[in-house]
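The structure under discussion appears below in the form of structure tokens.
The values are calculated or read from the model by the stated rules, or taken from the named source; none is laboratory data. None of these values were measured; they are calculated from a predicted model. For neighbour counting, all protein chains shown are included, and Cβ atoms are generated from backbone atoms with ideal geometry for every residue, glycine included. The protein model used for the area step is the full one, side chains on, heavy atoms only, and it has no ligands, DNA or RNA in it. Shrake-Rupley method; radii C 1.70, N 1.55, O 1.52, S 1.80 Å.
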Amino acid sequence: MENNILLEVKNLKKYFKLRSGFLSQRFAGSVKAVDDISFFIRRGETFGLVGETGCGKTTVARVILRLVPQTGGEAIYNKVNIFKLTSREMFKIRREIQVIFQDPYASLSPRMTIGDIISEPMEIHKIDSKKNRMKKVKEFLSIVGLNPEHINRYPHEFSGGQRQRIGVARALVLTPKLLLCDEPVSALDVSVQAQILNLLTDLQKEFNLTYLFIAHDLSVVKHVSDRIGVMYLGKLFEVANSEDLYKKPLHPYTMGLLSAIPIPDPEMERKRRRIVLEGDVPSPIDPPKGCSFHPRCPNAQDICSRKEPELKNYSKNENEHLAACFFAGKHI
Amino acid sequence: MAETENNKILEVKDLRTYFYTDDGVVKAVDGVSFDLKKGETLGIVGETGCGKSVTALSILRLIPQPMGKIVEGKIIFDGKDLLKLGQKELQNFRGNRISMIFQDPMTSLNPVYTVGNQVMESLVVHRKLSKEETRRESLKLLEMVGIPEPKRRFASYPHEFSGGMRQRVMIAMAIANSPSVLIADEPTTALDVTIQAQILELMDELKHKTNSSIIIITHDLGVVAKYANRVMVMYAGKPVEFSDVDNIYYKPMHPYTIGLMKSITRLDEEKKKLLKPIEGLPPSLIDLPKGCIFRIRCKYAIDQCKKEYPPLVEIEKDHHVSCYRAKEFMDGILERFGN
Ligand SMILES: Nc1ncnc2c1ncn2[C@@H]1O[C@H](COP(=O)(O)OP(=O)(O)O)[C@@H](O)[C@H]1O
Ligand SMILES: Nc1ncnc2c1ncn2[C@@H]1O[C@H](COP(=O)(O)OP(=O)(O)O)[C@@H](O)[C@H]1O
Ligand code: SF4
Ligand code: SF4
Ligand SMILES: [Mg+2]
Ligand SMILES: [Mg+2]
């Protein structure tokens, strides 16, 4: 492996056990929310994870943060396996791995001032004196584009976009190395969305950050990401740099996903060929056998319902363009 | 059916819908005018809270009372002003001639009745069919909107359907009486993108089959580019630009529309292109600033913009803009896409 890799996720699995009935608590199968996925993120780059609701994106982030225990696999951060750390070691590393969520309101405590919200991580990690912390909070408020004089206001006094800025400031005060962004702009209107995307881009340069950027909107993910992983029912179907993913997708699901997203350009839309994937995403409780995409796949053959395709490299360069399909690259 | 002149099927004139709240009067829709042509898809776009849904609800007179009130305007459909109709006549229009689908089908489907029953119900309200005919028609409708095995699914309840399937049922109910106008308010916002594509294709196909017209309300500028023939851009309760889809995307003349176009990420863009979003936020609809409502966020604002609201002017054929400086953009005196 290259040595400029900050995070490597190997064969990660997270199964949630389902229980039936309130009282009986009988085991009733499991949801394979994340089912054996592997990817890596280089220092200073943005790796995007994209896929439709329920495909397991948030679970990936939660497992990396150890908010839920993994079922299997490793997450190697800076050469150490996060899952093997003691809670004290993990506590230390958490300074370097921060997260921002989709709904900034839900993740901000309504009774705390934004000053307290942003300084809390420093308090938890016992950094600086109270006075210095407040100085730092003000500094970060202006870095994220908020008025430092609003330090004593409460979250409800801010708009959605401003709250997301508060969340970003809180994540940044510990000067982390890796930022996990889970749908950070999904709840925002386009002009505010663009403001936050620009902010994240600027901060990445300024603070030398590495991003795991999770979202269901491929045009947003493509805008910010250097490389992208496409997920479906807990699996990675394709990994490529964002240009290649758009220009020469290898997996039929990626092709369908790209085609489903209209480009805000009427002329282009009139000319564009449309592939409409049929059917719904199947339940993750009992996913289709073989390639889990086969019931919806226009290219499916006999083998697809019997065997599961491996995620393999199709580029002459190592690890550059991976796809999990027996007929990768075949056009729909 | 009888049409109004110029192929216009619906005409909204100077619509104003206000809400009387404890904090003051919310001018949710404040002077909206547009027309809808037969067979066309009209897109209404704008940020959350700009009055898109209230415009749609006003057309069907579904504004919650007594808080909300249509204080002014005309809604001309089939030569009649819908705002002047009595309740009974209105019922005949709603669902029959003009129908609507919403973002969240769960709020409009009744959880305790089967899907089949609800589709049958939408037929019964407006037509006199026998029970057998109603059932047959309903099955046909479900099949038309792509419900697999409609006979078997007839007795299912809404919660047994996926989001996409529920939206299909809503469409079946909305088109049950072959309305001439279908208003779709963010019909796919809650759905995943591959399902969104299915639903939008279905709506488009049905529109062509039945030669009806669609008003699609969305914040997704990609969806509008793909499906709309003409577009009305709204800002803080007012239409700021109205034209055919090509003008809106390639020749926007209102600073707000220009800003929107520079805010969107697109799949085919060059790597890490810098977005140029509009700074700031939309104003509160209670205390709108005097003059142009966009003034505080507008980098082209001049003295004149403080005085009065700029009227919506036709600056070229079928291209309406409410901005004092639109003419300068039009004549190339002011640069639109530079910064
Ligand atoms: N705590 C949980 N218990 C049971 N199932 C869960 C839990 N969290 C997530 N899941 C399931 O795991 C799958 C993946 O969820 P999630 O990671 O939230 O997807 P995404 O973020 O891509 O929308 C879904 O089917 C979801 O219902
Ligand atoms: N029932 C109501 N009572 C008070 N204000 C309302 C009500 N419904 C809508 N509004 C206000 O009217 C404005 C326009 O709302 P809406 O048409 O729903 O916006 P959009 O659909 O464009 O997001 C908003 O400011 C909203 O808060
Ligand atoms: S393996 Fe078969 S079913 Fe799966 S994506 Fe490839 S062609 Fe389609
Ligand atoms: S009228 Fe003035 S403030 Fe309003 S959009 Fe035009 S230039 Fe800007
Ligand atoms: Mg999620
Ligand atoms: Mg709305």
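What is the distance in Å between the Cα centroid of the range A:109-184 and that of the range B:248-276?
Going from one Cα centre to the other spans 30 Å.
Please work out how much length the chain gains when fully extended from B:His159 to B:Glu205, using 0.36 nm per residue of separation minus the C-alpha to C-alpha distance, in nm with one decimal.
13.9 nm
Summarise the partner chain shielding of B:275-284 as one whole number: the mean count of Cβ atoms from other chains within 10 Å of each residue's Cβ. Display every interim value, and only then the final one.
Values: counts 10, 3, 11, 5, 3, 5, 8, 4, 0, 0.
If you average over the peptide's residues, the count of other-chain Cβ atoms is 5.
Find the accessible area per residue for the range A:283-332; the probe is 1.4 Å, ligands and nucleic acids are left out, and the unit is Å².
Working: 3120 Å² over 50 residues.
Per-residue accessible area for the range A:283-332 comes out at 62 Å².
Using only the Cα atoms of the range A:110-175, what semi-axes does the equivalent ellipsoid have when each is the square root of 5 times a gyration tensor eigenvalue? Give whole Å, largest first.
On the way: eigenvalues 64, 27, 23 Å².
Working from the Cα gyration tensor, I get semi-axes of 18, 12, 11 Å.
I'm a student and want to see the number: the projected area of the Cα convex hull of chain A, averaged over all directions, in nm². Before the final figure, lay out the partial values.
Numbers: hull surface 78.5 nm².
Taking the Cα atoms of chain A, their convex hull projects to 19.6 nm² on average.
Exceeding 22 Å between C-alpha atoms, which entries from my cross-link table qualify? They are B:Lys140/B:Lys207; A:Lys235/A:Lys289; A:Lys248/B:Lys262.
Working: B:Lys140/B:Lys207 17 Å; A:Lys235/A:Lys289 13 Å; A:Lys248/B:Lys262 26 Å.
Over 22 Å Cα-Cα: A:Lys248/B:Lys262.
Treat chain B as a sphere of radius equal to its Kirkwood radius over Cα pairs and apply Stokes-Einstein at 20 °C in a medium of 1.002 mPa s; give the translational diffusion coefficient in µm²/s, rounded to a whole number.
Working: Rh = 21.3 Å.
Rounded to a whole number, D works out at 101 µm²/s.
Keeping all protein chains in place, calculate the accessible area per residue for the range A:110-175 (probe 1.4 angstrom), answer in Å². Let's see the in-between values first.
Numbers: 3260 Å² over 66 residues.
Counting only protein heavy atoms, the per-residue value for the range A:110-175 is 49 Å².
How many Å² of accessible surface get buried when A and B come together, counting both sides, probe radius 1.4 Å, rounded to the nearest 100? Don't skip to the answer; put the middle values down first.
Working: alone 17090 and 16800 Å², together 29980 Å².
Interface area, both chains combined: 3900 Å², rounded to the nearest 100.
Compare A:Tyr154, B:Tyr256 by solvent-accessible area with a 1.4 Å probe and give them largest first, with all protein chains kept in place. If you can, show how the numbers build up before the last one.
Details: A:Tyr154 85, B:Tyr256 0 Å².
If we order A:Tyr154, B:Tyr256 from most to least accessible, we get A:Tyr154, B:Tyr256.
Leaving ligands, DNA and RNA out of it, report the carbon-plus-sulfur percent of the accessible area of the protein assembly as shown at a 1.4 Å probe. Please list the in-between numbers first.
Details: 14990 of 29980 Å².
That share works out to 50 percent.
Volume per residue, Å³, of the convex hull around the alpha-carbon atoms of the range A:53-150?
Details: hull volume 13.9 nm³, N = 98.
Expressed per residue, the convex hull around the Cα atoms of the range A:53-150 is 142 Å³.
So how much slack lies between A:Asp128 and A:Arg19, counting 0.36 nm per residue of separation and subtracting their Cα-Cα distance, in nm?
Working: separation 109, 0.36 × 109 = 39.24 nm, distance 4.63 nm.
Working it through step by step, the gained length comes to 34.6 nm.
Per DSSP H run of at least 4 residues, take -39500 (n - 2.57); add these up for chain B, divide by its residues and hand me the 222 nm value, nearest 500 deg cm²/dmol.
Numbers: 12 runs with 105 residues, N = 339.
Roughly -8500 deg cm²/dmol at 222 nm, from the helical runs in chain B.
Taking the Cβ-Cβ separation of B:Met330 and B:Arg135 as r and a Förster radius of 60 Å, what is the calculated FRET efficiency to the nearest 0.05? Could you put the intermediate results ahead of the total?
Numbers: r = 57 Å, r/R0 = 0.96.
Plugging the Cβ-Cβ distance into 1/(1 + (r/R0)^6) gives 0.55.
Work out the mean other chain Cβ neighbour count within 10 Å for the residues of B:196-202 and drop it here as an integer. Intermediate results must be reported in sequence, preceding the final value.
Values: counts 3, 10, 6, 0, 4, 3, 1.
That average works out to 4.
Pop a pseudo-label 7 angstrom from the Cα along the beta-carbon direction at both B:Lys8 and B:Tyr250 and give the gap in nm to one decimal.
Each label point lies 7 Å from its Cα, and together they span 2.7 nm.
Can you pull the one-decimal nm distance between simple spin-label points at A:Asn317 and A:Thr53, each 7 Å off the Cα toward Cβ?
It works out to 3.7 nm between the two label points.
From the alpha carbon gyration tensor of the protein assembly as shown, can you work out the equivalent ellipsoid semi-axes (sqrt of 5 times each eigenvalue) and give them in Å, largest to smallest?
Numbers: eigenvalues 353, 233, 116 Å².
Each semi-axis is √(5λ); the values are 42, 34, 24 Å.
Would you pull out the residues with amide H under 5 Å of A:Ala328's amide H, same chain only if 5 or more places away, H placed 1.01 Å from N?
Residues meeting the criterion, in which the H sits 1.01 Å from N, do not exist here.
For the range B:1-88, what is the per residue volume of the convex hull drawn over the alpha-carbon atoms, in cubic angstrom? Intermediate values should be presented prior to the final figure.
Working: hull volume 8.9 nm³, N = 88.
Convex hull volume per residue, Cα atoms: 102 Å³.
Taking the full set of protein chains and a 1.4 angstrom probe, give the accessible area of A:His156 in square angstrom, rounded to the nearest 10.
Roughly 120 Å² of A:His156 is accessible to a 1.4 Å probe.
Can you pull the accessible area of A:Leu7 for me, 1.4 Å probe, Å² to the nearest 10?
About 0 Å², ignoring ligands and nucleic acids.
Looking only at Cβ-Cβ distances, which cysteines of chain B have no other cysteine closer than 4.7 Å?
Here B:Cys50, B:Cys298, B:Cys323 come out as lacking a disulfide-compatible partner, given the Cβ-Cβ threshold of under 4.7 Å.
Say each of B:Glu270 and B:Tyr113 gets a label point 7 Å from the Cα, pointing the same way as Cα to Cβ; how far apart are those two points in nm?
Each label point lies 7 Å from its Cα, and together they span 5.7 nm.
Could you estimate the translational diffusion coefficient of the range B:16-60 from the Stokes-Einstein equation, with Rh from the Kirkwood formula over C-alpha pairs, at 10 °C and 1.306 mPa s, in whole µm²/s?
Details: Rh = 11.9 Å.
Estimated diffusion coefficient is 133 µm²/s.
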